[in-house]
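The values are calculated or read from the model by the stated rules, or taken from the named source; none is laboratory data. Here the structure is a predicted model, which is why all the values come from computation and not from measurement. Cβ placement follows ideal geometry from the backbone for every residue including glycine, while neighbour counts extend to all protein chains displayed.
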Amino acid sequence: MLGRIGSGACTQVVAVVNTQQNRNMATLKHISMRLKSVKNIQKITQSMKMVSAAKYTRAERDLKAARPYGEGAVQFYERAEVQAPENDTKQLYVAITSDRGLCGAVHTGVSKVIRFRLQEPGAENIKVICVGDKSRAILQRLYSKHIISVVNEIGRLPPTFLDASKIASGILTSGYDFGSGKIIYNKFKSVVSYAQSDLPLFSQKSVEDAPKLATYDSLDSDVIQSYMEFSLASMVFYALKESACSEQSSRMTAMDNASKNAGEMIDKLTLTFNRTRQAVITRELIEIISGAAALN
Amino acid sequence: MALALRNLLRSSARRLQVRSYAAEAPKEGEMALTFAAGNKVFYDKQVVKQIDVPSFSGAFGILPKHVPTLAVLRPGVVTVLENDGKQNKIFVSSGTVTVNDDSSVQVLAEEAHPLENLDRAAAQEALSKAQSEFNSAGNEKAKAEAAIAVEVAEEILKAASA
């Protein structure tokens, strides 16, 4: 108890000394140290921007190829009017994020959609699969009992179909018998904008109960099962591509802003540094002159 | 009875579709093909004459107004007959075919390459490697994976030497 009070008083004293020091000329060294560190940070953010710009162009090119793929994969579910069963409340949400941060609100946006859903009533039967460490880091503190598995090592390299099929088989072998679900991902719109979007997930039963499935010819459950497994992999692949592209574009903007802010800080610090330097020189001159005057 | 019901469903679906389509969409009786793979997009809602696909329930050709169906692709050559009569042969490893009630067709493959990009020698090599893997496979899963690799390599070889 006493110790705690003692240490509190101490920190206060230190703080007072610090503010006094800031007004003193001894801070010249401190300013130059800070200036140097901000300059280094600016260099880092600038090069990160360059790297993500290069990665972004590639991701966008890949995305162009993946778009018809993703649209084709969901087309059947739309045309056959597959609907989630109303009496089955077991739902699965797949959050598509990545392991890497420093890219604006890309990951928080996806996690937020899921968090809002989990806050609503009837969320006990919802399970979440986190793709990428970032969504896990955001969700695990409050909703750890909803998370059934986590996929990491996403975002270092551009996503491939192999990654997607591994995730898809992870979803299928998770042992969670969901009635319906959603893949939540960031849909890329332009360099400066993206929005959270979702792709539907269905169980085999809900596909077999679809009203318009009768129009489809020569179907057996084997074909439907293989078809659904493959289309799940295709949808995950498409979502990964969209998310990778949004992430890189968002990181580019974030790093651009960071470099700009660092530039502003550098300007301000240089000004203070020069002023302080002049002040130190003036003070030293005054000291010398007044010393000499006192001798006379 | 079932047939009558199906016909009814189909005709009602067609009526719906006539009402909902915009001007630039494919016209009635035309087939819009989307053919995409993980590596490349070959056709994006392009109108074509005919598509031949290999599937696990047997190879079949798709003409406009084909009955809606789903199928799982097996390794083999997909032949697309374009509107100007040009034939385009593309090798696919696996994937799905969807024929919808609006005559649109989606062929989604895991990997697809034009036939002229296949190399016979490399396929031969891949085949012998897959076969040795199949023979040395320890458990069921590895064996099944190797069997798939053998099947794909055999088909590539067949397609490349044709």
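Out of all the residues in region A:238-247, is one or more among the aliphatic types (A, V, I, L, M), surrounded by fewer than 23 Cβ atoms within 10 Å (Cβ to Cβ) and either more than 33 Å from the chain's Cα centre (by Cα) or in a helix (DSSP H, G or I) (or both)? Within region A:238-247, not a single residue is among the aliphatic types (A, V, I, L, M), surrounded by fewer than 23 Cβ atoms within 10 Å (Cβ to Cβ) and either more than 33 Å from the chain's Cα centre (by Cα) or in a helix (DSSP H, G or I) (or both).
When B:Leu108, B:Leu157 are screened for being crowded, with 16+ Cβ neighbours inside 10 Å, among the hydrophobic types (A, V, I, L, M, F, W, C), touching a helix residue (DSSP H, G or I) at 6+ places or on another chain (Cβ under 7 Å) and farther than 24 Å from A:Gln75 by Cβ, only B:Leu157 passes.
The residue that is farthest from the other protein chains (Cβ to nearest Cβ), among those in region B:51-63 that are surrounded by 17 or more Cβ atoms within 10 Å (Cβ to Cβ) and not β-branched (Val, Ile, Thr), is B:Pro54. Test of understanding: among A:Arg34, A:Arg67, which residue is under 30 Å from A:Ser180 (Cβ atoms) and at pLDDT below 95? Residue meeting the stated conditions: A:Arg67. Looking only at residues in region A:204-223 that are without any contact (Cβ under 8 Å) to a residue 40 or more places away in the chain and more than 7 Å from chain B (Cβ to nearest Cβ), the one that is surrounded by the fewest Cβ atoms within 10 Å (Cβ to Cβ) is A:Asp220. Number of residues in region A:199-214 that are touching a helix residue (DSSP H, G or I) at 6+ places or on another chain (Cβ under 8 Å) and within 18 Å of B:Thr69 (Cα to Cα) equals 6.
Taken over region A:171-228, the criterion of being at pLDDT 90 or above and of a type in the set (Asp, Glu) is satisfied by A:Asp198 alone.
Flag set for B:Gly38, criterion: within 22 Å of A:Val223 (Cα to Cα) and within 12 Å of chain A (Cβ to nearest Cβ). Please indicate, with yes or no, whether at least one residue in region A:273-284 is more than 30 Å from B:Pro54 (Cα to Cα), among the acidic types (Asp, Glu), in a helix (DSSP H, G or I) and at pLDDT 95 or above. No: zero hits. Exactly one residue out of A:Met265, A:Met252 is closer than 30 Å to A:Asp133 by Cα and either touching a residue at least 24 places away in the same chain (Cβ under 8 Å) or not in a helix (DSSP H, G or I) (or both): that is A:Met252.
Looking across region A:71-121 at every residue that is part of a helix (DSSP H, G or I) and polar (S, T, N, Q), the one that is surrounded by the fewest Cβ atoms within 10 Å (Cβ to Cβ) is identified as A:Gln119. Note on region A:89-126: residues that are of a type in the set (D, E, K, R) and in contact with a helix residue (DSSP H, G or I) (Cβ under 6 Å, 6 or more places away or on another chain) amount to 1. Cβ-Cβ contacts under 7 Å between residues 6 or more apart (or on different chains), taken from a first residue in region B:90-104 that is within 9 Å of chain A (Cβ to nearest Cβ) to a second residue that is crowded, with 24+ Cβ neighbours inside 10 Å and of a type in the set (Ser, Thr, Tyr), are listed as B:Thr96/A:Ser231.
All conditions in (1) touching a helix residue (DSSP H, G or I) at 6+ places or on another chain (Cβ under 6 Å); (2) farther than 21 Å from A:Phe237 by Cβ; (3) modelled with pLDDT under 90 hold for B:Val77, with the sole exception of (3). Looking across region A:225-237 at every residue that is more than 23 Å from the chain's Cα centre (by Cα) and facing chain B (nearest Cβ under 7 Å), the one that is farthest from B:Phe56 (Cα to Cα) is identified as A:Ser231.
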